[in-house]
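Contents: one structure, followed by commentary.
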Amino acid sequence: MDNTMDIAAQRRDEEDARLVTGAADILAGIASLLGLLALGVILGAAGPFAGAAVAAAAAGLAIPLVKQRNFAFSAIVLAVCGAFGMLVAAALLEFVAGFVVAGFMAWFWKAYRIPIAGALVVAAPVATILGMRNLFETAWGGSGPWESLLAGIVLFGFAMAADMSDPERTTRRSGMGFWLHIFAAPLLVHGIFLIGGFQPSFEQPIAAAPVLVIVAVLALVALIIDRRPLLASSLGYVAYALASLGEGLALETRLIGVSLTLGFGILAMAAFWSPMRRAALLLVPASLRAKLPSAGKFVPPPKPVAEETPAEEEPIRLVSGFNDIFVVMGFLPVSFGAWILAGVWLHSSGIIVERELATDWLPRSLAALLIPGVVTWAVAEFFVRIRRMAFPAIVLAGQFATVAFIAGILLGYLAINPGGRDLSGFRDGIEPLGVIIACLVAALLNVLFALRHRVPYALAMAAASMLPVFFIDLLANTDPASTLPGPTETGIRIRLLLAGACAAGLGIWLDLSDRERRTQTSDTAFWLHMLGSLLLVPNLFHFAASGDFALLGALVIFLGIAMFALAANRRAGLIVGLPFLAFTLGDVFEGFGSGSVALLGFSALVLWAAVKWQELRAAVFAWIGQDEARKS
């Protein structure tokens, strides 16, 4: 077995799934969604024919985007849009419509090998036969628990069949099983609990012991089959059960207890999943165990390489698999509990004395801020620094950036008001020195997090921490008695444009230092380009795409963004700009019809550019070269 296959086998317990390949995939997926939506609106009056046209268009787009470019996110978008279009086309057939959708998805699966399409072959008939309305209502605690349970059992059975046909999880049948488990788990779990009478509500607590027993059984099943959706779908019931155990305690105490217990429990399962699986598999007969994935040893995921995504020039790691999502589901309640704990401790420490802030309120606030900060850092030490998990890295870096920003504000205020007696410094205006210190402290903390855990997103957060510097004079002029003119909307937008230009310029500088995009420098540049685009694009459209020449301005701005994207080989501006262009077209063209026609045309143009990206880049550079030759 070669090294690549060995890595795949060792990472089996991570429940990996291809969801996004890179920026080109995201851009193509968004453009496909907008274009198919516009096509559906244009042909809406045609009834079923509109759905058939959308399904046919999705199938056609899959040839360049999926078959040739191997885009994962675009594949999911096209499969779902194709299924929905075919459902609309066959809606008059009632429950038979599900089989029509299943047949179309079977062809989609055979032609393009998209895992979610294979899952929809089973899910579509189940949903239409048992009643889609009942299933959706059950997912939110409504009626139809028996329909939900039956649908969950059927989908779960097919999911296990797909998994057992590929126990090593080296083919796309494993991806089909992944999506079937995603569909089956909420229906199965909600059906079990609702039939058992465990319908949680804030007014009436549920019996904790039987709920926890059921969840323990579901956890054992999840470990044996190496799939986490069953656990993820039961977390709400666990939270209510834990809250019931603390009945009679103060609200904040219950919130802290439930959040930390639930969150750390999820994180513990995510951290020790492999050894727990090895123990659980001992309970399974050898004949069945041979059809299940063996408990693999964890190794960090390999960086995406050209072999898997040969047409992706801007690869990024966002979500590696369901374990990424599972860890984030665990960290969110931990973070919530940590913030509440910090607030409770701060209040109980005597920060308020006779309705006024205590003299030492500022150091006490900094001490309380250590609680969420240390918790975030500690979780990152394992799941980011050691396990190299992509989605948790982004979420944890964002959480730490919030802590760093608040710490920067407090330390900046301490610098301009050493006594820290009250908040008069904020009322009378913030001295420039305080703003600079606040920004530098926040940026430094984010840089430390990035260097320790090797998270490119944290470096982009460090750059974002410097944004208040662009408003330093406005922050110093917050005194209500001031006679100086207040800030204008135009002035604020111009400052945001300058900040965005600085972020984009820094991204270009990093790109030039890693032209082949083989290191994390390129990943940092991607997030800086995204930050710059979020600051630049909305404000550029505001200035240019308004008034009598809104359409012309929007076209000029979007063309400029496209030229920059081609020259820099960065698509962040197009990703951010495409929705703004869609809104502008909706405003310019009155009515859905004409606006949708324009949106369809521009979506098709963007998709064409996504497919012909390298050829267009070559043409741009050739044009630039010829222009330079003429000048010389």
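The values are calculated or read from the model by the stated rules, or taken from the named source; none is laboratory data. If you're wondering where the values come from, they're calculated on a predicted model, not measured in any experiment. For neighbour counting, all protein chains shown are included, and Cβ atoms are generated from backbone atoms with ideal geometry for every residue, glycine included. These area figures cover heavy atoms from the full protein model, side chains too; ligands, DNA and RNA do not enter into them. Shrake-Rupley method; radii C 1.70, N 1.55, O 1.52, S 1.80 Å.
Looking at Gly246, is it without any contact (Cβ under 8 Å) to a residue 24 or more places away in the chain and touching a Gly at 6+ places or on another chain (Cβ under 8 Å)? Yes: the conditions hold for Gly246.
Every listed requirement among (1) surrounded by fewer than 19 Cβ atoms within 10 Å (Cβ to Cβ); (2) farther than 14 Å from Leu33 by Cα; (3) modelled with pLDDT under 90 is met by Gly560 save one, (3). If the condition is being open to solvent by 30 Å² or more (accessible area, probe 1.4 Å) and among the aromatic types (Phe, Trp, Tyr), then region 255-273 contributes Phe264, Phe272. Restricting region 38-95 to residues that are of a type in the set (D, E, K, R) and part of a helix (DSSP H, G or I), the residue that is surrounded by the fewest Cβ atoms within 10 Å (Cβ to Cβ) is Glu94.
Annotation: of all residues in region 394-404 being of a type in the set (Gly, Ala, Ser) and open to solvent by 10 Å² or more (accessible area, probe 1.4 Å), the one that is farthest from Thr359 (Cα to Cα) is Gly398.
The set of residues from region 274-294 being open to solvent by less than 40 Å² (accessible area, probe 1.4 Å), part of a helix (DSSP H, G or I) and either touching a residue at least 60 places away in the same chain (Cβ under 8 Å) or hydroxyl-bearing (Ser, Thr, Tyr) (or both) comprises Ser274, Arg277, Ala280. For beta carbons closer than 8 Å, sequence separation of 6+ or different chains, a first residue in region 70-82 that is touching a residue at least 24 places away in the same chain (Cβ under 8 Å) and a second that is charged (D, E, K, R) and open to solvent by 30 Å² or more (accessible area, probe 1.4 Å), the qualifying pairs are Asn70/Glu308; Ala72/Arg18. Among residues of region 515-535 being closer than 16 Å to Leu27 by Cα and in contact with a Pro (Cβ under 9 Å, 6 or more places away or on another chain), the one that is least open to solvent (accessible area, probe 1.4 Å) is Phe526.
With the structure loaded, tell me whether Gln614 is open to solvent by 60 Å² or more (accessible area, probe 1.4 Å), assigned to a helix (DSSP H, G or I) and modelled with pLDDT of 85 or more or whether it fails that test. Here the answer is yes, as Gln614 does meet what is asked.
Restricting attention to region 508-535, and to residues there that are assigned to a helix (DSSP H, G or I) and over 22 Å from the mean Cα position of the chain (by Cα), which single residue is farthest from Gly491 (Cα to Cα)? Across region 508-535, the extreme among qualifying residues is Ser513. Do we have Ala407 as surrounded by fewer than 18 Cβ atoms within 10 Å (Cβ to Cβ) and part of a helix (DSSP H, G or I) here? When the stated conditions are applied, Ala407 does not pass them. Could you grab me the full set of residues in region 360-382 that are assigned to a helix (DSSP H, G or I), open to solvent by 40 Å² or more (accessible area, probe 1.4 Å) and touching a residue at least 60 places away in the same chain (Cβ under 8 Å)? Scanning region 360-382 gives Trp377, Glu381, Phe382. Just so you know, in region 240-254 the residues that are part of a helix (DSSP H, G or I), surrounded by fewer than 18 Cβ atoms within 10 Å (Cβ to Cβ) and touching a helix residue (DSSP H, G or I) at 6+ places or on another chain (Cβ under 9 Å) include one that is modelled with the lowest pLDDT, and it is Leu245.
Of the numbered criteria (1) open to solvent by less than 60 Å² (accessible area, probe 1.4 Å); (2) modelled with pLDDT of 95 or more; (3) within 25 Å of the chain's Cα centre (by Cα), the one Ala106 fails is (3).
Among the residues of region 165-172, some residue qualifies, meaning at least one is in a helix (DSSP H, G or I) and within 30 Å of Tyr112 (Cβ to Cβ). For Phe331, the requirement of being among the aromatic types (Phe, Trp, Tyr), surrounded by 19 or more Cβ atoms within 10 Å (Cβ to Cβ) and modelled with pLDDT of 95 or more is met. Within region 410-427, being in a helix (DSSP H, G or I) and modelled with pLDDT under 75 holds for Ser424, Gly425, Phe426, Arg427. Can you name every residue in region 162-176 that is free of Cβ contacts under 8 Å to residues at least 12 places away in the same chain and open to solvent by 20 Å² or more (accessible area, probe 1.4 Å)? Ser165, Thr171 - these are the residues of region 162-176 that are free of Cβ contacts under 8 Å to residues at least 12 places away in the same chain and open to solvent by 20 Å² or more (accessible area, probe 1.4 Å).
Assess whether Gly547 counts as being modelled with pLDDT under 90, open to solvent by 60 Å² or more (accessible area, probe 1.4 Å) and either closer than 19 Å to Ile26 by Cα or small (Gly, Ala, Ser) (or both). Yes; evaluated as a whole, the condition is true for this residue.
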